[in-house]
Structures are given as C-alpha cells and as structure tokens.
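Here's the structure, in structure tokens; my notes come after.
Please treat every number below as a calculation from the coordinates, not as lab data. Computed from a prediction, not measured in an experiment: that's the story for all the values here. Virtual Cβ from ideal backbone geometry, glycine too; neighbours counted across all protein chains shown.
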Amino acid sequence: MLESSSGIWTGLITALDSIPEDSIAVTVYIVTALIMLWCWYGLAKRLPYPVGSVSWIVLFAILFTPTVSEGSNAAIAPAIFGLLFGIVTKQSLLVWINLSAILFVTGLGLIIGYFWSKYSANKKAYKNSPPL
C-alpha cells in the first residue's frame, strides 16, 4: 500500500514539474480570485441594490487590475500587491500608479454597470408593455 501511494506521488510531482511555475501561480491566483468573487456575490446579492453591486465591482477591480512588477523577474502582477508594496516601502509614485489603475478599473466597471442597469430596466419595461 505504501509503495503504490509513493508511485502516485512520484507521478504527480513529475506531472507538476513539467508545467512552468508561472502558469501554476497564475492559474491558482485566477481560480482563487474567481472563488472569492463568487463567495462575495453570494453576500452582495443580499445587500441593498446599489451597495452590493458597487462592492462587487470594487472587489473585482482590487483583485484583477494588472500592473507590471519590477526587478529581474518582471511579470504581470495584481495592482493591489504593487499598492501594498508602495505603502510598505513608502514609495508614493508606486502607490499612486497602482491606485490610479485600480480606480480606473473601478470607474470603468461603474460606467458599464450603469449602462447595464439602464438596458435591463428598458428590457423589462419593453417586455411588460402590451402588444400593438
């Protein structure tokens, strides 16, 4: 029994070693962020109409706004990490760059949400209108 589980673990480790580390990290981050958004959606739909949807948009912007990290292994990273790093290291330029990116995505989400709510309201009004 112990030898068969050892073979399973060896096969799993071999399979994971063939996948680049960056792909694993990005996949885990995206899946985790989607699970967090799904859980927050469960809470937000119980909140009053504008508060729940706005909080979901803000959380989406915090989790998914990209930025470019610095250093020898520069890659795309969430802007919240750059924002927190800028706060910890007291680099105001880094704070403002990442905060402006997050606020831009939040504003874009709010504009899209506004037009979506108008579209949904008109669609319901059209559906409830009597036929000609």
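Mind listing just one residue for me: the one in the range 96-126 that is among the small types (Gly, Ala, Ser) and under 10 Å from ALA61 (Cα atoms) and, of those, surrounded by the fewest Cβ atoms within 10 Å (Cβ to Cβ)?
Step one: of the range 96-126, the residues among the small types (Gly, Ala, Ser) are 100-101, 107, 109, 113, 117, 120-121, 125.
Filter once more, so that each one left must be under 10 Å from ALA61 (Cα atoms): 101, 107, 109.
Details: ALA101: 18, GLY107: 12, GLY109: 18.
Of everything passing the filter in the range 96-126, GLY107 is surrounded by the fewest Cβ atoms within 10 Å (Cβ to Cβ).
Scan the range 1-41 for residues that are of a type in the set (D, E, K, R) and surrounded by 10 or more Cβ atoms within 10 Å (Cβ to Cβ) and jot them down. Can you show your working first?
Within the range 1-41, the first condition is being of a type in the set (D, E, K, R), and the residues that meet it are 3, 17, 21-22.
ASP22, the sole residue that qualifies.
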